[in-house]
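So the structure is just underneath, and the comments pick up after that.
Just so you know, all these numbers are worked out from the coordinates, no wet-lab data involved. Model, not experiment: these values are computed from the prediction. All Cβ positions, even for glycine, are placed from backbone atoms using ideal geometry, and neighbour counts span all protein chains on display.
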């Protein structure tokens, strides 16, 4: 689950939990909203952990300094 889909699930869950007042027999819309919010938060935490911890590490770029061979000063 990506960060965007996690935020979307949290938003839909919050709408179902706090804004919808309709009722359906046998189903609690508020409970479904709470479940969606919890799943979205869990997905957001896992996505953030993946980005911070489990992302492959890139080696530090090596700095290459090229020098000219030693040129003695010219004598006039």
With an 8 Å cut-off on Cα pairs and a minimum separation of 6 or more residues, tell me the relative contact order of region 3-54 in percent.
-> 47
Neighbour-count ranking for 32, 3, 27 (other C-beta within 10 angstrom, fewest to most) reads 27, 3, 32
Rounded to a whole number, what is D in µm²/s for region 3-54 from Stokes-Einstein with the Kirkwood radius over alpha-carbon pairs (37 °C, 0.692 mPa s)?
-> 286
Ranking 17, 63 by Cβ neighbours within 10 Å, fewest first, what do you get?
-> 63, 17
